[in-house]
Structure formats: structure tokens, C-alpha cells
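Read-outs: derived from the displayed coordinates by stated rules, not from any lab. Keep in mind the model is a prediction, meaning the values are calculated, not measured. Glycine also receives a Cβ, built like all others from the backbone with ideal geometry; neighbour counts cover every protein chain displayed.
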Amino acid sequence: MSQWMTTFPGYAWLLSTVKKIFGNIIKTGPVPRHIGLIMDGNRRYARAHNIELKEGHNMGFESMASILEILYECGVEQATVYAFSIENFKRSSYEVKWLMDLAKQKFQQITQHGELCEQYGVQIRILGNTSLLQPDVLKLLRQAEDITKNNKRAILNVCFPYTSRDEMTTAIKGIVKKSTEVDDFIIDESTIDKFLYTKDAPPLDLLIRTSGTYRLSDFLLWQSVSSQCSIVVIETLWPQFNPYEMSKILINWSFNKYWYGNSNGYTVRGNPDNLRLSNDEDLEDDEPNAFTTSYNRNPIVEDEDSFDRDSDSDRVIDNENDTVPSEESSINIKTA
Ligand code: FPP
Ligand code: MG
């Protein structure tokens, strides 16, 4: 959207009213209870628009606030955002500092004003390995948690700094400790759920990644594997991702949930080496290797500057040979 439009008197009011209307329409159907967001593409956006990388991250924050507003307007109970990966500590020291300063500045604003949190009754929770943070950053994050702790309408989980592997390692340590303290301590899948950072969150219904990179980058791996969770990858860079595009994803999710009883219209079944498409309706519950994702024929571009620069995991999913797929054979993880 052209920048000049935002300077019109009444623009903010109009936008907020449109979001409310969209929200009320979407609310008439099923709404995901818990959404995860991989907010990728800030630096590519900055480079493409000839602005400082730092400014790209700033715009990423603005985009996040705007997307959260529509989510809470629609009745989403929890949003979990990937604000800083543990892998991001490997970035240049000045970029890490920008991101830490951005967090400090924004969380300070939240503690001082907290308009969005108050307006929507949003409680902030910090998830991740907070022992890796500097004390001044951690202090502000804890203050934001504290000041919003009585807000009951919705929850914003800010993953800062987070990776799934770290979350699972922490869970395993907690479980081992508990099992030495409690006799006959039962360890099953639900035990692991209870030891994850997301233990208080409803099951993940929808995971969205921007910027057309087809990887999960160590985000909510345990949580997103459920057949009830849709994974949507869109080409838009995060700072450009807007409430309109978000609404389209929500409507698509809602439509599939309503008609198929599952948020994915089509499901890829069986061994990943030998994938075949089937409709959810004829998916049998006892099929052990079934997982949900769906076909899309967009070309996939490898991105060196990926979310976490973890080159080992820079591969895209391919049903033939796990290399960069051709346009015809590619599978994007995306709802139908
Ligand atoms: C990924 O884009 C984005 C990040 C590593 C930072 C995400 C943070 C925000 C959107 C701001 C939210 C901040 C707070 C304080 C909650 P990238 O840097 O990997 O960009 P690229 O993929 O284009 O290289
Ligand atoms: Mg990236």
C-alpha cells in the first residue's frame, strides 16, 4: 500500500474499522485457537527497498503488531511469534545488538503504554532459553510479562531466544529430574507436552512462514507435527505481510476446517519418499506415516540469507531426491 495513503486523516480509524469488520466475518466460522508465526524476510525487504537492515527489522515489528491485531480481532487465543532464534546469535554483533535494542525499546513501550495489549487484553509470555539474554534485556521482558499478567483475552508468546531443539533438550532434562524425584513417573507423549515451553498453550492449529523459504527453522517442531496443524508458506516478505493476506489465510483455514473437519483440504500420505495425494475424507486414522501438507507448484528459490543461516537445514522438501526441486515436482507446505 502506498505510504501516502497512511497520512490521510482518519486512515488509522478506517483501517481499524475494516479489521473489526473482517474479524467479525471470520469469527462466524471456525477460528484457529493457536497460531505460530515465522516472521522471515526483514533483511531482504530492507535490501530490496534500499533501506537500512535495522529499518527492515523495525518494519517487521510494525507488521507483527498489525497482524496480531487482526488475529485477536478474529478471536485467536494465542499467537506464538519467532522473534529471535538461538541461531540468530551467530549473526554479526551489530545486528544482534539492533535486535536486542529493538526488543528493549518495544517492550519498554509496552510497559509504559501497552495500548495494544490493554485494548485486546493480551498477556505477554516470553518463551525460550532466557538464560542466554543480557540482564538488561531480560529485565524488560519480565516487566512486560508482569504488567500484562492479568490480561485474559489472548496470549502473545514471544520466542526470544528460542529453538525447538533447545526446547526439547530442556524438556528432557526436566523429565529426567522429575523421574528421579517421583516414583513410577510415567513418561509418554503428553509428559513431553507438559515440559515444553508451550505447555500452557492450546494445540497449534496453524503455522505461517513468510518469505517463501520452505523450512521450519527449528520452530515449534513438536507442536506442528500434529495432523490438526496446517503449515502455510507464503512468498511475501514479513514487513509486507498485511492483515488482508492474513485474513485470506484464516478464511482458507476456516473453510477447510468447516468442510473437511480438518484445516487441510488435501493431505500427502505415506512415506515421504513415495508421496501421494489424497483427500482428507479418505484418510484413515491408523495410517502411521500420514502427515498433512499439500501440493503447490510455485518455484522454490534457495535463500542463502535464511532465517537462521543454518546451512545444514537449508534443504527444501522434495518428494524425489531432497534437493532443489523442479517446478513440477515441488511441494510447498501450504494449505490447499
Ligand atoms: C527474520 O528475518 C526476522 C528476524 C530474525 C527477527 C524477527 C523480529 C521481528 C519481526 C520484530 C519482532 C521483535 C520483537 C521485539 C518482538 P531475517 O532477518 O532472517 O530476514 P531475511 O530472511 O530477509 O534475511
Ligand atoms: Mg531469514
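Can you order the peptides 232-243, 161-172, 34-45, 190-201 by their average number of other Cβ atoms within 10 Å per residue, highest first?
Details: 232-243: 21.1, 161-172: 18.7, 34-45: 24.6, 190-201: 16.1.
Final packing ranking: 34-45, 232-243, 161-172, 190-201.
From the cross-link list 178/257; 173/248; 106/152; 199/257; 19/106, which pairs have alpha carbons spaced over 29 Å apart?
Details: 178/257 38 Å; 173/248 41 Å; 106/152 21 Å; 199/257 24 Å; 19/106 23 Å.
From 178/257; 173/248; 106/152; 199/257; 19/106, over 29 Å: 178/257; 173/248.
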So if we plug the beta-carbon distance of residue 118 and residue 191 into 1/(1 + (r/R0)^6) with R0 = 41 Å, what FRET efficiency do we get, rounded to 0.05? 0.65
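Express in nm, to one decimal, how much length is gained between residue 236 and residue 16 on full extension, taking 0.36 nm for each residue of separation and deducting their alpha carbon distance.
On the way: separation 220, 0.36 × 220 = 79.20 nm, distance 2.21 nm.
The residue 236-residue 16 span can extend by a further 77.0 nm.
Can you bin region 38-101 into rounded, prolate or oblate? Criterion: square roots of the alpha carbon gyration tensor eigenvalues sorted a ≥ b ≥ c, rounded for a/c under 1.5, prolate for a/b above b/c, oblate for the rest. Let's see the in-between values first.
Working: a/c = 2.75, a/b = 1.60, b/c = 1.72.
Oblate shape, in that a/c is at least 1.5 and b/c is the bigger or equal ratio.
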Looking only at region 183-212, which residues have a backbone nitrogen under 14 Å from a spot 7 Å from the Cα of residue 222 in the C-beta direction? 187-204
